[in-house]
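First up is the structure itself, then whatever we jot down about it.
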There are 2 protein chains.
Amino acid sequence: MADVSVIGAGSWGVALAVLLHSNHHHVTVWSIDPDEIELLDKKREYPAKLPGVFLPDEMQFTTDMKEALTDKALIVLAVPSPYVRSTAAKMKPYINDGQIIVSVAKGIEEETLCTMSQAILQEIPSADVAVMSGPSHAEEVGRGLPTTVVVGADTKKTAEYVRDFFMNTVFRVYITPDKLGMELGGSLKNVIALAAGISDGLGCGDNAKAALITRGIVEITRLGIAVGGRMETFGGLSGIGDLIVTCSSRHSRNRKAGMLIGKGYSMQEAMDEVQMVVEGVYSAKAAKALADKYHVQMPIVEEVNKVLFENKEPSESLKDLMHRDKQMELAVPWDN
Amino acid sequence: MADVSVIGAGSWGVALAVLLHSNHHHVTVWSIDPDEIELLDKKREYPAKLPGVFLPDEMQFTTDMKEALTDKALIVLAVPSPYVRSTAAKMKPYINDGQIIVSVAKGIEEETLCTMSQAILQEIPSADVAVMSGPSHAEEVGRGLPTTVVVGADTKKTAEYVRDFFMNTVFRVYITPDKLGMELGGSLKNVIALAAGISDGLGCGDNAKAALITRGIVEITRLGIAVGGRMETFGGLSGIGDLIVTCSSRHSRNRKAGMLIGKGYSMQEAMDEVQMVVEGVYSAKAAKALADKYHVQMPIVEEVNKVLFENKEPSESLKDLMHRDKQMELAVPWDN
């Protein structure tokens, strides 16, 4: 039993708070929004984001950063990716040397091309920043359905420390040193999920979506290795696993936004309709910039960018992806 | 425009016949069942297996093996895996040296541990046997929805020859020399699809299923490499791609059967309800035998065997899979 805090009261932050509480930790949840904090504190449920999930009386809610961060055994940073850097800057005055912070947002900064843990470290260089990722829709974790994730950290000791806060009979935690590969996989999958949603919105079927996911992880792996991730990571839970759940689940907001775009909505209309942050839209440009920087071919990412930012017709993009030259699937040659 | 034949009038055989016809080939479909042939010939539709898909007047249907096989530029062998060897034996008298046969059934023989192309070659050693596989539910191919597959063959020339019969604007064909890897992936995925269905039937969510798929392809890859397949193949369309579509699609009979088992049906009750051949049930034992033979750990395959053949409770199997020791996800070590 330890004092822990979750910074950010989105669906994922609140679901992790519930998980940490069920593991007998004393949890404080911070949000920048006083109305949100009042709602959670009074109602002990978050109907808009996590309906039906009960928030226990012992869970504390605050807008006070100092209160949220002082003397915590673990801090989970769970604000949406566009707010991670600014939130980390606000946290800095209250963070001790070596404080373990778990980053759970997924994204790549468009300007700096930093992953979230890199951005946090730039703002709070004295922190020990770990990451957690994997196929884990908040709605299911909140309801206690079986889930597996990966924790990445600079040392095995930190990874094990973080793991032991979260692991229980329905939430299985693996550990890895490859933070970078995890974060790249977690961000880039949102771009592929947009593509999968667009394919669904166009009325294509499961065959086309499975092809997009398969070719998508090939693109992600190619870029991820070029940037410095480990190949194995992209075939694991935080790579293909998270990509699969994001592309197929009814809970995925990236897929939902893509579906609307496939049906003819503009990017802005789709984001307005989904009402939550669609991280893939932010990551699409960053993915394209990384692909250019590292000279890696990413045909799906390119088409998503054209649809989002150059008004290309989704059906044209699909056609262009299907009609690329006849070629080998893999770089495996014949002997004869 | 060439004369081609499809041996076997299941949903996949008929869907491929329609595809080949739309590519302007003259197609003959063979089935062992005179009632089936009469139905297809008269009704020009297969309501039970491929409803809504029109079978053109020029398509011929026969129960006569000699008529089906004589002077064909391409023969597609599309009977269910348990009947592939016996059908190949019946075909042999009418097959010329070097005849190209495309095997599209997925399975591993329980007794011999042969893949389908190996079984065909044992029966017809003079044939040039290629394989085709990938995320391709017949229902969608029949309706002309975008689909990608892989053709594997002993020579690039044969692979390209086969590819050019099938490829069109909505059916994209890649080629590879790794027949063995393709066939192992295609068979073993049916066992994982049973597990995914069981998970669905137990009421687990998308998080659990994505974890099963991810850990499933790890098992398949581990075994596949031990048997002689290429690692890249298992990350491709005939590996993870086919696994994804089979585990998530409403069309998948393996998943359906698993779902019923998760809800409490016995294996036989589930197979009776699904009414089509559930190849995963046949492949489960073969997969276990291969794993034992090559000393490869396959925890999901093992649990599926226990549920199917040893009356283990599905919920117990799930619990045992979730509760394995805390461990690293990958064999990637820390430097510090």
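The values are calculated or read from the model by the stated rules, or taken from the named source; none is laboratory data. The structure presented is a predicted model; accordingly, all values stated were derived computationally and were not measured. With ideal geometry, Cβ positions are generated from the backbone for all residues, glycine too; neighbour counts draw on all protein chains shown. Quick note on the areas: whole protein, heavy atoms, side chains included, nothing else; ligands and nucleic acids left out. Shrake-Rupley method; radii C 1.70, N 1.55, O 1.52, S 1.80 Å.
Could you tally the net charge around A:Asp154, taking each other residue with its Cβ under 15 Å from the Cβ of A:Asp154, Lys/Arg +1 and Asp/Glu -1?
Local net charge: -1.
Rounded to the nearest 5, what is the percent of antiparallel bridges among the DSSP beta bridges in the protein assembly as shown? Before the final figure, lay out each step's value.
Working: 10 of 62 bridges.
Antiparallel: roughly 15 percent of the beta bridges in the protein assembly as shown.
When N is the residue count of chain B, what does its C-alpha Rg come to as a fraction of 2.2 N^0.38 Å?
Normalised by 2.2 N^0.38 Å, the Cα Rg of chain B equals 0.99.
Checking an interface number: how much accessible area is buried between A and B, summed over both chains, with a 1.4 Å probe, in Å² rounded to 100?
The contact between B and A buries close to 5500 Å².
Can you tally the net charge around A:His21? Count Lys and Arg as +1, Asp and Glu as -1, for every other residue whose Cβ sits under 11 Å from the Cβ of A:His21.
-2
If you take every DSSP beta bridge whose two residues both sit in chain A, what share of them, in percent to the nearest 5, is antiparallel?
Numbers: 5 of 30 bridges.
Percentage antiparallel, nearest 5: 15.
Please check: in the Gaussian network model of chain B (C-alpha springs, under 10 Å), which one of B:Asp41, B:Asp71, B:Asp320 has the largest mean-square fluctuation.
B:Asp320
Measuring nothing but label to label, 7 Å from Cα along Cα→Cβ, what are B:Glu58's distances to the other copies in nm, shortest first?
7.5
Might you tell me the accessible area per residue for region B:125-275, computed with a 1.4 Å probe and given in Å²?
With all protein chains present, region B:125-275 gives 28 Å² per residue.
On average, how many beta carbons from a partner chain sit within 10 Å of the beta carbon of a residue in B:232-239? Intermediate results must be reported in sequence, preceding the final value.
Working: counts 5, 3, 1, 10, 7, 8, 2, 1.
Across the residues of B:232-239, the mean count of other-chain Cβ atoms within 10 Å is 5.
What are the trypsin sites (Lys or Arg not before Pro) within region B:29-97 that DSSP puts in a loop, where the Cβ has at most 14 other Cβ atoms within 10 Å?
Listed in order of number, the matching sites are B:Arg44.
Answer rounded, prolate or oblate for region B:56-165, using the Cα gyration tensor with square roots of eigenvalues a ≥ b ≥ c: rounded when a/c is under 1.5, else prolate when a/b is larger than b/c, else oblate.
Rounded, since a/c falls under 1.5.
Which helices, counted as full DSSP H runs in chain B, have an axial Cα extent of no less than 27 Å and a Kyte-Doolittle average of -1.0 or above? Each step should come with its number before you reach the end.
Details: long enough: B:179-201 (33 Å, 0.60); B:206-227 (31 Å, 0.71).
Those that clear 27 Å and a mean of -1.0 are B:179-201, B:206-227.
Mind jotting down the three principal axis lengths of region B:1-105 based on Cα atoms? Whole angstrom, largest first.
Taking the Cα atoms of region B:1-105, the three principal extents are 38, 31, 21 Å.
Measuring from centroid to centroid over Cα atoms, what is the spacing of region B:209-280 and region A:148-217 in Å?
Rounded to whole Å, the Cα centres lie 20 Å apart.
Ranked highest first by the average count of other Cβ atoms within 10 Å around their residues, in what order do A:58-64, A:237-243 fall?
Taking the mean over residues of other Cβ atoms within 10 Å, the ranking is A:237-243, A:58-64.
Does any residue of region A:143-183 lose at least 40 Å² of accessible area with all protein chains in place compared with its chain alone, and if so which ones (probe 1.4 Å)?
A:Pro146, A:Lys156, A:Thr169, A:Arg172, A:Tyr174, A:Ile175, A:Pro177
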